[in-house]
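Where a number appears in this text, it was derived from the coordinates with a stated rule and is not lab data. The structure presented is a predicted model; accordingly, all values stated were derived computationally and were not measured. Don't worry about glycine lacking a Cβ; one is built from the backbone with ideal geometry, like all the others, and counts go over all protein chains shown.
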């Protein structure tokens, strides 16, 4: 039988793909040239996005870019992004999205310390 202490499953927050997605979204939100907005429609649908200006050199842009809603909602629930004052229209409410002022402490994976004998044997090898 496998001991649950030795073989714990990883939580979703330890997923490297999630961390990369979070970092990518936060990078876009931190860029002052790309103001990000959250639009909450009357029926509850949420959409995060920003305007990508036209780049004549790359011949692309000039359109709205949607950010992944699950990633943005997770960042909001973790307190890593904040919402500005609401702009209320009859069919939707729009918020400016900002990165949180207080940085979140990095998550460190706890590592059991090696006994001095094992550390010496590892270094000698």
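Applying 0.36 nm per residue to the separation of residue 47 and residue 33 and subtracting their alpha-carbon distance, the gain on full extension is 3.1 nm. Counted residue by residue at 0.36 nm each, then reduced by the alpha carbon distance between them, the extension gain from residue 23 to residue 77 reaches 17.9 nm. Peptides 24-33, 49-58 ordered by packing proxy, namely the average of other Cβ atoms within 10 Å per residue, highest first: 24-33, 49-58. Taking a ≥ b ≥ c as the square roots of the eigenvalues of the Cα gyration tensor of the stretch 12-104, is the shape rounded (a/c under 1.5), prolate (a/b larger than b/c) or oblate? Cα axes put the stretch 12-104 in the oblate bin.
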